[in-house]
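Beneath this line is the structure, given in structure tokens, with notes to follow.
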Amino acid sequence: MVGAKSVLDLIALIILLLFGWMVSYTNRGAADPVWTAIQERGALRVGVDPGFRPFAIERDGQLTGYDIDLAAELARRLNLRVEFVPLAYDALYDALSMRQVDLLAAALPLAPEQGWRARFSTPYLNAGQVLVVRRDGPLDPARPQLAGRAVGVALGSDADTYARGLSHRDPSIVVRSAFETPAEALAALNRGEVDAVITDAVTALAAMPAYPRLTIAAEALTFDPYVLAVPVEAYRLHSEVNRVLEAMRAEGVFAQLNERWFRPDTVFQIRK
């Protein structure tokens, strides 16, 4: 019995020592191979999708855009260089899982189905549908009531589908979908031809500088978060990315990025 107890005590001691070693190993970051490689390299490799305005724009071999600025600031705060790797959109997750890049910044919608090979950051932008109204119009931006109002949407858009759902529940809401683009619907709102417009947040934000009398209602209608993605094994990088994003959010960095990149000339050409 004494011998058996001694063996059990020895096994317990070994397990305890192994656990302590694993904790120490993890705390040093060595258990995250992606983070370790980044530290050794001194650079964060970021996969981007050039051509999706205004998130990534390639001109004369140079990349600019919302996601480019975001990734560059993220790397700076992590004391790393940033290396951008242009990729086709359908190749992003393959490149991530094959360790060709450390992080994806490409206006990525949250994709739970990719969870087997990627971890996602906290959202940095809600690109869902929003309601745009006139500051001097009949609707209160804080609590807009659409009953009996005319709502403009681009024909066949997600906004069109959403508005028709509203109208189905309240037939007094008139959906006007004779607009080919959200820009045309917003121009009509500015002229007072409709009472509100439903469109995606990026388009709405881009319209604000051109139409000072327009404003986005207080609450988004739908949630379509854009996130950053890292390899599924990159738990330490994931934690660091979220920490930095939270600091950037608190310091108003995202508001500055919105102001810089969501403009008519970077998103679309508004026809007044």
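The values are calculated or read from the model by the stated rules, or taken from the named source; none is laboratory data. Only a predicted model underlies this, so the values are computations on that prediction, with no experimental measurement involved. For neighbour counting, all protein chains shown are included, and Cβ atoms are generated from backbone atoms with ideal geometry for every residue, glycine included. We work out accessible area using only protein heavy atoms, side chains counted, and drop any ligands, DNA or RNA first. Shrake-Rupley method; radii C 1.70, N 1.55, O 1.52, S 1.80 Å.
Residues whose amide H falls under 5 Å from that of VAL232, counting only those 5 or more places apart or on a different chain, are ALA118, ARG119, with hydrogens built in the peptide plane. To put it simply, the accessible area of the stretch 113-272 at a 1.4 Å probe is 50 percent carbon and sulfur. The modelled label-to-label distance between THR215 and ASP140, using points 7 Å beyond Cα along the C-beta direction, is 1.3 nm. For the stretch 149-195, trypsin sites (Lys or Arg not before Pro) meeting the loop criterion (DSSP other than H, G, I, E, B) and having at most 16 other Cβ atoms within 10 Å: ARG191. Could you tell me how many degrees, from 0 to 90 and to the nearest 10, lie between the Cα long axis of helix 2-27 and the main elongation axis, the longest principal axis, of the Cα atoms of the chain? So the inclination is approximately 40 degrees. A Förster radius of 45 Å, combined with the Cβ-Cβ distance separating VAL85 from THR161, puts the computed FRET efficiency at roughly 0.80.
Within the chain, all pairs of alpha-carbon atoms sorted by distance into 5 Å bins from zero give the percentages 1, 6, 11, 14, 14, 12, 10, 9, 7, 5, 4, 3, 2, 2, 1, 1, 1, 0, 0. For the peptides 40-50, 112-122, 98-108, the ranking by packing is 98-108, 40-50, 112-122, with the highest mean count of neighbouring Cβ atoms within 10 Å listed first. Each helix, a run of at least 4 DSSP H residues, gives -39500 (n - 2.57); summed and divided by the residues of the chain, these come to -12000 deg cm²/dmol at 222 nm.
Within the stretch 24-106, what percent of beta bridges assigned by DSSP are antiparallel, to the nearest 5?
Restricted to the stretch 24-106, the bridges split so that about 35 percent are antiparallel.
Calculate how steeply helix 235-250 sits against the longest principal axis of the alpha-carbon atoms of the chain, using the helix alpha-carbon long axis, and give the answer as 0 to 90 degrees to the nearest 10. Once rounded, one gets 40 degrees. Probing with 1.4 Å while keeping every protein chain in the model, the per residue accessible area of the stretch 102-204 equals 44 Å².
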